[in-house]
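*Asks:* This structure is in structure tokens; I'll ask about it shortly.
The values are calculated or read from the model by the stated rules, or taken from the named source; none is laboratory data. Nothing here was measured: the structure is a model prediction, and the numbers come from that model. Cβ coordinates were reconstructed from backbone atoms using ideal geometry, including for glycine residues, and neighbour counts include every protein chain displayed.
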Amino acid sequence: MVNSLVSILIPFKNVEEYFEECLKSIQNQTYKNWEVIAVNDNSSDNSLLIANKFAAEDDRFKIFSNDESGIITALRKAYINSSGNFISRMDADDHMTKDRIKIMVDSLVKEGLGSLAVGKVKYFSKVGVNDGYNRYEKWLNKLTATGENFKEIYKECVIPSPCWMVHKKDFDNCGAFMQDRYPEDYDLAFRFYEYGLKCIPCSTTLHYWRDYDNRTSRTSQHYAQNYFLDIKLHYFLKLEFKPTNNLVVWGAGKKGKTIANSLVEKNINFHWVCDNEKKIGKDIYGVRLEHFNVLQNIKNTKCMITVANEEDQMSITSFFKELNLKPAVDYFFFC
């Protein structure tokens with residue numbers, strides 16, 4: 001596996017302003033045995049010209065066009081045309097540190113099959129990075145430093161979409177890009193988790209993540225909050241919940257109501273709790289809201305917590321600790 005070929009998959013669309021910087025950062029890698037499989041997703045600017053320029057000068061760059069439309073089909077085509085023993089993904093508007101590929105390959109070779117290489121990320125922007133992305137960066141990097149990413153997978157996507165690498169065999173066993181579920185990066189993270197891959201701790205920044213107004217995660221409907229909740233609930237019911245469990249939703253805000261309504265539509269029974277005196281005792285969607293203290297008398301719970309306030313989350317954690325219930329086993333934070 002030493003000096004094995006790495007396939008770097010890049011879907012691209014209308015990124016002419018940033019694409020050259022991205023491709024140069026790959027060309028300048030200290031690890032040289034790689035191929036870029038870049039798929040043009042119907043660009044209307046000069047992105048394809050830039051890609052073809054690199055391909056003409058360096059045969060490690062291989063350029064294709066998406067027969068359909070959308071990032072999933074572009075990634076799928078890229079993967080089908082890849083040849084590497086290791087698979088990685090890159091975003092066309094970002095850039096990577098010069099040792100990223102080497103660090104990831106070395107860690108995967110050392111750990112073997114069943115492992116997932118990740119790296120710390122750094123957001124950057126011409127106009128400054130907003131507080132939301134700063135918080136996400138710090139949270140994600142803290143998890144990555146210890147390799148405990150999957151412990152908080154129901155909060156947010158715990159694998160940075162353009163900064164991971166995996167053995168091809170493991171990637172195939174996880175379903176590669178054959179799913180059509182959005183957000184595609186979060187769905188893939190859940191499938192890595194489902195398959196039991198172990199994140200390799202990394203304390204090094206390997207990827208620079210560009211933030212700007214018209215990036216896909218800001219503009220595409222596929223990255224709206226309802227898609228994130230749908231995907232969380234889908235995998236929670238598939239991976240965590242069993243018919244013998246007492247299912248609990250904690251929180252009656254917008255997210256709590258969305259999840260509760262979905263459970264009602266699926267005809268799944270659950271307890272709904274909160275600490276809001278104005279809502280306790282009310283029926284919403286045919287389910288009566290109860291005070292969270294009822295959990296002291298409910299056994300074998302699986303609890304989805306939709307409370308976002310950090311101080312409240314700390315209090316909730318203390319409450320469950322007194323009941324000898326464990327995070328990511330008995331209760332899960334959904335935000």
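*Asks:* Determine which member of the set Ala78, Ala92, Ala74 is touching a Cys at 6+ places or on another chain (Cβ under 6 Å) and closer than 27 Å to Ala189 by Cα.
*Replies:* Residue meeting the stated conditions: Ala92.
*Asks:* Pull up segment 263-297, narrow it to residues that are exposed (fewer than 15 other Cβ atoms within 10 Å of the Cβ) and among the aliphatic types (A, V, I, L, M), then point me to the one that is nearest to the chain's Cα centre (by Cα).
*Replies:* Ile268
*Asks:* In this structure, is Ile37 closer than 26 Å to Asp172 by Cα, surrounded by fewer than 21 Cβ atoms within 10 Å (Cβ to Cβ), free of Cβ contacts under 8 Å to residues at least 60 places away in the same chain and touching a helix residue (DSSP H, G or I) at 6+ places or on another chain (Cβ under 6 Å)?
*Replies:* In short, no.
*Asks:* Out of Val2, Val36, Val6, I need the residue that is at pLDDT below 95 and aliphatic (A, V, I, L, M). Which one?
*Replies:* Matching residue, one of Val2, Val36, Val6: Val2.
*Asks:* Also, quick follow-up: Could you tell me which residue of segment 118-158 is modelled with the lowest pLDDT, considering only residues that are in a strand (DSSP E or B) and either closer than 25 Å to His234 by Cα or hydrophobic (A, V, I, L, M, F, W, C) (or both)?
*Replies:* Ranking the qualifying residues of segment 118-158, first place goes to Phe124.
*Asks:* Among (1) assigned by TED's automatic domain parsing to the domain that holds Lys155; (2) outside any loop (DSSP other than H, G, I, E, B); (3) at pLDDT below 95, which single condition is Phe228 missing?
*Replies:* Just one mismatch for Phe228, condition (1).
*Asks:* I've got another one for you. Which residue pairs have Cβ atoms closer than 6 Å, lie 6 or more positions apart in sequence or on different chains, and pair a first residue in segment 110-133 that is within 21 Å of Pro162 (Cβ to Cβ) and among the basic types (Lys, Arg) with a second residue that is part of a helix (DSSP H, G or I) and modelled with pLDDT of 95 or more?
*Replies:* Lys120/Asn141; Lys120/Thr144
*Asks:* Are any of the residues in segment 35-42 more than 21 Å from Asp185 (Cα to Cα), in contact with a strand residue (DSSP E or B) (Cβ under 9 Å, 6 or more places away or on another chain) and of a type in the set (A, V, I, L, M)?
*Replies:* Scanning segment 35-42, I find no residue that is more than 21 Å from Asp185 (Cα to Cα), in contact with a strand residue (DSSP E or B) (Cβ under 9 Å, 6 or more places away or on another chain) and of a type in the set (A, V, I, L, M), so the answer is no.
*Asks:* Out of Val166, Val118, Val129, report the one residue that is assigned by TED's automatic domain parsing to the domain that holds Leu49, more than 18 Å from the chain's Cα centre (by Cα) and of a type in the set (Val, Ile, Thr).
*Replies:* Val129
*Asks:* Here is a follow-up. One residue is enough: does segment 174-186 have a residue meeting the conditions in contact with a helix residue (DSSP H, G or I) (Cβ under 6 Å, 6 or more places away or on another chain), assigned by TED's automatic domain parsing to the domain that holds Thr97 and not in a loop (DSSP other than H, G, I, E, B)?
*Replies:* Within segment 174-186 (the criterion being in contact with a helix residue (DSSP H, G or I) (Cβ under 6 Å, 6 or more places away or on another chain), assigned by TED's automatic domain parsing to the domain that holds Thr97 and not in a loop (DSSP other than H, G, I, E, B)), the answer is yes, since at least one residue qualifies.
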